[in-house]
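Reading through the C-alpha cells given below for one structure.
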Amino acid sequence: MITIKSDEEIKIMREPGLITRQVLKMLAEAAKPGVTEKELDKIVRREYAKRGVTPTFLGYHGYPATVCVSVNEKLVHGIPSDRALQPGDVVSIDLGATYKGFVGDTAVTVGVGEISKEAQRLIDVTRESLWRGIRAARAGARLGIVSNAIGEYIESQGFGVVREYVGHGVGREMHEEPQVPNYGPPDRGPVMRKGMVLALEPMVTVGDWRTKKHSDGWTVSTADGSLCAHFEHTIAITDDEAQVLTLPD
C-alpha cells in the first residue's frame, strides 16, 4: 500500500532529509586519499550524535554500520572497512537518518583525487539521470514516466542500468511502496499523487548491468567488475514540480 503524506508530515521529512544531506556533504569532502572507509562511518556517528539523529542503516536487518561505502566495482551496501581510499577510486556513499519518526535517504558518488575521464563521465551521467527523473515526477502521471526518463538517458549515453536494485517509497520506514525501477516503459506503474514521497536512486555501470552479492551478505558489485555509480534524492510529489527533501530550499 502506498502511504500518502500530509503537508505537515512532508515538512517534518525535510528535517532528516537536510540532515542526511549535510552529513553526506561532509563525507564527500572527507573522501580523500588515505582516509579509511571506517573513518567515514565515524564521521556519521559523531555528527548524528550531535544532532540527536538515529542512523537508519545501523542494525537494519543486521547491517553493522551507519553508512554504506562502495568503491569502484562495488555498487551498493558496502560495509565500511579499514581499506584506505586510493587516488582514482570512485566511491559511492549512501546515507539514511531517522528523525522525528521519519527517514531521509540520499546518496552520492565522488572521485578520490584525480580520476579517469571515463569515471568522471560515469558520475556526471548518473547524476544527470537522477535529475531527469526528478523533473519527470508530476502528480497525475504514471510512475513509469520517471523510470523511463532515467533509464533512457543512461542507455543513450552508452552505460548500463542496474535492474536488481530500484528506488522506493520512503516515510516512517526506509523502504515503502511503491518500487521505482530505473528503466522501463513510461505507461506503467501507479499514478503519482500529491503526498507520495519517493527515494529515486539510479545505479549505473560502465559495463554489463548485472550484479553479484558478496559473501558478507551485503556488498553488491557489478558481475563483470566494471565501474559503477549511484546517486539518490528523496522527493515529495506536489501539485507542481517535485520537492527535493534532501536539498535546501
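Once the Cα gyration tensor of the chain is found, what semi-axes does its equivalent ellipsoid get, as square roots of 5 times the eigenvalues, in whole Å, sorted largest first?
Details: eigenvalues 138, 102, 45 Å².
Three semi-axes, in Å: 26, 23, 15.
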Checklist entry - What figure in square angstrom, to the nearest 10, would you give for the accessible area of residue 50 with a 1.4 Å probe? => result 140 Å²
Checklist entry - Along the positive direction of the dipole of the chain (beta-carbon charges: Lys, Arg +1; Asp, Glu -1; about the Cα centre), which of 186, 76, 104 reaches farthest? => result 104
Checklist outcome for this item: XL table 25/194; 50/212; 32/74; 25/212; 74/117; Cα-Cα > 26 Å flagged, in table order, is 25/194; 50/212; 25/212
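Between residue 240 and residue 163, 0.36 nm times their residue separation minus their Cα-Cα distance comes to what? Numbers along the way, then the final one.
Numbers: separation 77, 0.36 × 77 = 27.72 nm, distance 2.91 nm.
Between residue 240 and residue 163, full extension yields an extra 24.8 nm.
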Item to check | residue 11-residue 116 FRET efficiency (beta carbon distance; Förster radius 51 Å; 0.05 resolution) | outcome: 0.75
Checklist outcome for this item: Full extension between residue 213 and residue 156 adds, at 0.36 nm per residue less the Cα distance, a length in nm of 17.8 nm
Checklist outcome for this item: Taking 166-177, 96-107 and ranking on average Cβ neighbours within 10 Å, highest first, one gets 96-107, 166-177
Checklist entry - Going 7 Å from the Cα of residue 83 in the Cα-to-Cβ direction, what parts of the range 215-249 have a backbone nitrogen less than 17 Å from that spot? => result 215-230
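With n ≥ 4 as the cut-off for DSSP H runs, can you work out [θ] at 222 nm for the chain, using -39500 (n - 2.57) per run divided by the number of residues, rounded to the nearest 500?
On the way: 4 runs with 72 residues, N = 249.
Helices in the chain give a 222 nm mean residue ellipticity of -10000 deg cm²/dmol.
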Checklist entry - Label points 7 Å out from Cα along the Cβ direction at residue 28 and residue 60: separation in nm? => result 1.9 nm
Next on the checklist: Once you place label points 7 Å from the Cα toward the Cβ at residue 38 and residue 1, how far apart are they in nm?
Outcome noted: 4.4 nm
Next on the checklist: Taking amide H atoms as placed 1.01 Å from N in the peptide plane, list the residues 5 or more away in sequence, or in a different chain, whose amide H sits under 5 Å from that of residue 167.
Outcome noted: 180, 182, 201
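The values are calculated or read from the model by the stated rules, or taken from the named source; none is laboratory data. Predicted model, so just to flag it, every value in this text is computed and none were measured. Counting neighbours? That spans all protein chains shown, and the Cβs are built from the backbone with ideal geometry, glycine included. Accessible surface is based on the protein model in full, side chains and every heavy atom, while ligands, DNA and RNA are left aside. Shrake-Rupley method; radii C 1.70, N 1.55, O 1.52, S 1.80 Å.
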